[in-house]
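Input: a single structure, listed below in structure tokens.
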Amino acid sequence: MQVTPTALPDVRLIVPKRFGDARGYFVETWSARTFAGHGLERDWVQDNQSLSAMPGTVRGLHYQLEPQAQTKLVRVLRGRILDVALDIRRGSPTFGRHVAVELSADGLEQLLVPVGFAHGFCTLEPDTIVAYKVDAFYSHECERAILWNDPALGIAWPSVAGSVVSDKDMVASPLAAAIDLL
């Protein structure tokens with residue numbers, strides 16, 4: 001398994017080793033022992049999966065407040081996404097900065113998005129399926145969002161971004177308005 005820090009060192013790109021033969025391939029996407037060996041010990045409590053039918057579907061930028069703040073391990077089962085992690089840790093030297101990484105089913109890449117980061121993605125292909133593990137349960141009371149297309153964030157979303165966005169995500173607060181809520 002290859003674990004690479006991104007421009008925001010706490011966010012990691014993880015590429016599992018693929019073992020292929022005439023039947024296809026096998027890959028170990030998560031192993032407590034392997035992740036611990038990279039200093040990434042987690043107690044995952046929930047697996048989530050989404051299907052986005054249309055390219056340009058945006059989901060995010062979501063996060064949860066304590067005591068239900070979540071680390072996410074994101075991967076694509078079908079299709080491709082632009083995956084974004086935004087540092088929202090008050091006092092962090094990288095507060096307000098983001099990392100954007102393309103993840104695909106073919107590439108097997110995973111993005112580890114730690115607590116203190118808002119997360120979102122834009123689908124790049126039809127019928128994209130995204131799966132992710134979290135280390136805290138979903139909490140409606142702790143759930144929050146940052147406006148995905150807040151110009152102050154400088155996220156270079158693909159031109160198709162925003163073709164489908166939930167009502168909730170369309171009215172999320174820009175980062176400047178959410179700072180007092182973090």
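Table for the structure above
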{"read-out": "Backbone HN-Hα couplings from phi across the range 2-15 [Karplus 6.51/-1.76/1.60, Hz, Gly and Pro as x]", "value": "9, 10, 10, x, 9, 4, 10, x, 6, 8, 10, 8, 10, 10"}
{"read-out": "Loop-located chymotrypsin sites (Phe, Trp or Tyr not before Pro) in the range 133-182, at most 11 other Cβ atoms within 10 Å (DSSP)", "value": "F137"}
{"read-out": "Contact order relative to length of the chain, as percent, for alpha carbon pairs under 8 angstrom and 6 or more apart", "value": "29 percent"}
{"read-out": "Centroid-to-centroid separation of the range 11-60 and the range 98-156 [C-alpha atoms, Å]", "value": "13 Å"}
{"read-out": "Gain upon complete extension [E143, Y25; 0.36 nm per residue less C-alpha separation]", "value": "38.8 nm"}
{"read-out": "Solvent-accessible area per residue for the range 4-108 (1.4 angstrom probe, square angstrom)", "value": "53 Å²"}
{"read-out": "Listed peptides 155-162, 115-122 by packing density, highest first (mean Cβ within 10 Å)", "value": "115-122, 155-162"}
{"read-out": "Value of relative contact order over the range 1-84, rounded to a whole percent, pairs C-alpha under 8 Å and six or more apart", "value": "13 percent"}
{"read-out": "Exposed GluC sites (Glu not before Pro) absent - longest run of the chain, DSSP non-H/G/I/E/B, at most 12 other C-beta within 10 Å", "value": "42-140"}
{"read-out": "Candidates H98, H62, H38, ranked by Gaussian network fluctuation over the chain, Cα under 10 Å, top entry", "value": "H38"}
{"read-out": "Karplus 3J(HN,Hα) series, Hz, for the range 93-100 with 6.51 cos²θ - 1.76 cosθ + 1.60 (x for Gly, Pro)", "value": "x, 10, 3, x, 8, 9, 10, 10"}
{"read-out": "Radius 12 Å from Cβ of S31, net charge of other residues (Lys, Arg +1; Asp, Glu -1)", "value": "+1"}
{"read-out": "The range 61-149: relative contact order in percent, alpha carbon pairs under 8 Å with at least 6 residues between", "value": "47 percent"}
{"read-out": "Contour minus Cα-Cα distance for D47 and M170 (0.36 nm per residue)", "value": "41.8 nm"}
{"read-out": "Net +/- balance of residues flanking R18 in space, Cβ distance below 11 Å, scoring K and R +1, D and E -1", "value": "-2"}
{"read-out": "The range 1-103: trypsin sites (Lys or Arg not before Pro) in DSSP loop, at most 12 other beta carbons within 10 Å", "value": "K17, R23, R90"}
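The values are calculated or read from the model by the stated rules, or taken from the named source; none is laboratory data. What you are looking at is a predicted structure, and each value in this text was computed from that prediction instead of being measured. Ideal geometry is used to build each Cβ from the backbone, glycine not excepted, and the neighbour counts take in all protein chains shown. These accessible areas exclude ligands, DNA and RNA; they are computed on the full protein's heavy atoms, side chains included. Shrake-Rupley method; radii C 1.70, N 1.55, O 1.52, S 1.80 Å.
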